[in-house]
Amino acid sequence: MSNHDKGLGSSLEKLEKLQKAEAQLVQLREEFEKERRQQLDQLHVTLGFASREELIQALQALGGRRGRPKSSSSHGPAGDAPAGGRTSKRARITPEMQAGILKALRAGERGVAVAARFGISGLSLHKIKKAAGLVRRSKK
């Protein structure tokens with residue numbers, strides 16, 4: 001057996017290990033999501049409420065705004081959000097992050113799920129895919 005054949009065998013073994021690890025990761029994610037759904041399903045009981053509706057009413061009775069609290073940064077002279085009401089911080093996409101995104105896409109994950117997991121927009125995801133040659137040109 002030549003050194004070339006040995007190197008090829010080693011690469012194939014590594015590829016098999018990688019595929020097994022990716023399959024385990026998918027399985028762990030599914031188990032995590034299942035546990036999380038079960039915990040959320042029983043959250044009202046865990047907190048001592050008779051029903052979900054009772055828990056929701058108690059949370060609403062706390063008052064205040066919905067969603068996240070405003071950040072301390074100012075968006076203008078009055079501190080108001082920009083027109084449109086959307087404020088989001090630009091994601092810093094590192095080479096490692098791009099590699100992870102491409103790996104997830106090549107493993108068959110849906111683009112929307114990958115974008116959400118990495119905290120990037122659909123447009124950013126599209127640009128990464130395009131740079132990697134994963135986008136087909138549209139027919140005109």
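The values are calculated or read from the model by the stated rules, or taken from the named source; none is laboratory data. Only a predicted model underlies this, so the values are computations on that prediction, with no experimental measurement involved. Methodologically, a virtual Cβ is constructed for each residue, glycine included, from the backbone with ideal geometry; neighbour enumeration extends over all protein chains shown.
A few remarks follow.
- Residue check, His44 within 29 Å of Leu102 (Cβ to Cβ) and either loosely packed, with under 10 Cβ neighbours inside 10 Å or at pLDDT below 90 (or both): no
- Residue check, Lys34 outside the structural domain of Gly100 (by TED's automatic domain parsing), more than 14 Å from Ala107 (Cβ to Cβ) and basic (Lys, Arg): yes
- Residue count, segment 91-127 (criterion: over 19 Å from Glu22 (Cβ atoms) and not small (Gly, Ala, Ser)): 10
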